[in-house]
Amino acid sequence: MKALRWHGARDLRLEEVPDPAEPRPHEAVVEVSWCGVCGTDLHEFLEGPHMIRTAPHPLTGAQPPLALGHELSGTVLALGTDTPGIAVGDRVAVDPVWRCGVCYWCARGEYHICPRSGSVGLASPGGFAERVTVPLAGLTCLPDNVSDEMAALAEPLAVGLHAVARAGIRPGDNVLVVGGGPIGFAVVLAARLAGAAGLYVSEPLKERREKLLEIGVTEAFDPRETDVRREVFRRTGRVGPDAVIDATGVAALAAQAVATVRRGGRVVLAGVGHGSVEIEMGQLVFYERTLLGTLGYTFDIPRVIDLMSTGRLDASPLLTGRRSLEDGVGVFADLAADRASHLKVLLTPKGL
């Protein structure tokens, strides 16, 4: 079968590889319909490895070269064990997180922070392939009214849903989202579902600000031209936002987020960063602000699929491109050169 495999920084190759082996009891094999290009994939392509281990992964045993891609939908080809509610031939969305299932965190349902966890496409061969092995526990069957394309968006939307839950956003809250890329966009959609009254976004790219305004954010600011902290403060009765969610991973912006949120407010860091940041402790202690990290999702993908199925969540504005897996190397190069043109691009091994 064909797979788009990562060999190293800026070394991505479309190759012929063996089909997945028969699944073990905790696994399933899925025929891929669509798989989204994530910012994490782009970072691995540009300057990795970051989340990819060069030695065998402690849980999966996989190591490079391996196919990227963890935002996927497809059809079940094989199950490692009979599972109620799931059968061969079912269309599914995939939670790609591998988990040991026995540690303290897995026992609490916090499988996403299992010390041995990893993701399909980073800790094992991923969804930029014709077929892929995935965690059996991560399968969510799709209702007839949720397409394979929309289901491939469930993973990034689940990241937004989880971040909003971590921020404790309630109806009537004012929220500032820092970064209007795919995860920031997902956070905006989730915050709106949670009942946010004022939705403000800080995003330097004009194309993204315009798209955010189209889906109904209150204001979208260019931080290069506007003092976002001051403007949001003015628009919230000189109080400040109840929550600030950073979707960039830029270290310097974390300190700004702490200084921007209201007294007693919550700051959630949803972007995957690799640097360090200096925060004045008084900004947290004297104003009783809360600073939280958030990672991925826990059982949020089924919630996203339900929201799509009932019509409460329209994910279509997030989808800005569809391409063939055969074009994958060029797609990565194009996105690396010009991210402003797209939010979420999906690749399919089935041809267009």
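Just a few scattered comments:
- All other residues whose Cβ lies under 11 angstrom from that of F299 are scored, Lys and Arg at +1 and Asp and Glu at -1, for a net of -2.
- The gain in end-to-end length when the N145 to C100 segment is fully stretched comes to 12.9 nm, 0.36 nm per residue minus the alpha carbon separation.
- For A67, the residues whose modelled amide H falls within less than 5 Å of its own, excluding neighbours fewer than 5 places apart on the same chain, are W6, G126.
- Trypsin sites (Lys or Arg not before Pro) restricted to segment 78-137 and DSSP loop, no more than 15 other C-beta within 10 Å: R108
- Per DSSP, loop trypsin sites (Lys or Arg not before Pro) in segment 247-316 with at most 15 further Cβ within 10 Å: R263, R312
- Multiplying the residue separation of R234 and A55 by 0.36 nm and subtracting their alpha-carbon distance yields 59.3 nm.
- Filtered GluC sites (Glu not before Pro), segment 182-247: DSSP coil and at most 15 other beta carbons within 10 Å: E225
- Anisotropy class of segment 164-265 from Cα gyration tensor, a/c 1.5 cut: rounded
- In the chain the longest region clear of chymotrypsin sites (Phe, Trp or Tyr not before Pro) that are loop-assigned by DSSP and have at most 16 other C-beta atoms within 10 Å covers 1-285.
- Spatial separation of Cα centroids for segment 204-235 and segment 298-352, in angstrom: 24
- Taking a sphere under 9 Å around the Cβ of R209 and counting the other residues whose Cβ falls inside, with K and R at +1 and D and E at -1, yields a net charge of -1.
- The chain, helix-only ellipticity at 222 nm - DSSP H runs n ≥ 4, -39,500 (n - 2.57), divided by all residues, nearest 500: -7500 deg cm²/dmol
- Placing a pseudo-label 7 Å from each Cα along the Cα-to-Cβ vector at V88 and L42 gives an inter-label distance of 4.0 nm.
- Per-residue HN-Hα couplings for segment 151-166 [Karplus 6.51, -1.76, 1.60; θ = phi - 60°; Hz; x = Gly/Pro]: 5, 5, 8, 5, 5, x, 5, 5, 4, x, 5, 5, 5, 5, 5, 5
- Label sites at K206 and L284, each approximated as a point 7 angstrom past Cα along Cα to Cβ, lie 4.0 nm apart.
Each reported figure results from applying straightforward, stated rules to the coordinates on display, with no laboratory input. Bear in mind the structure is a predicted one, so any value in this text is a computation, not a measurement. For neighbour counting, all protein chains shown are included, and Cβ atoms are generated from backbone atoms with ideal geometry for every residue, glycine included.
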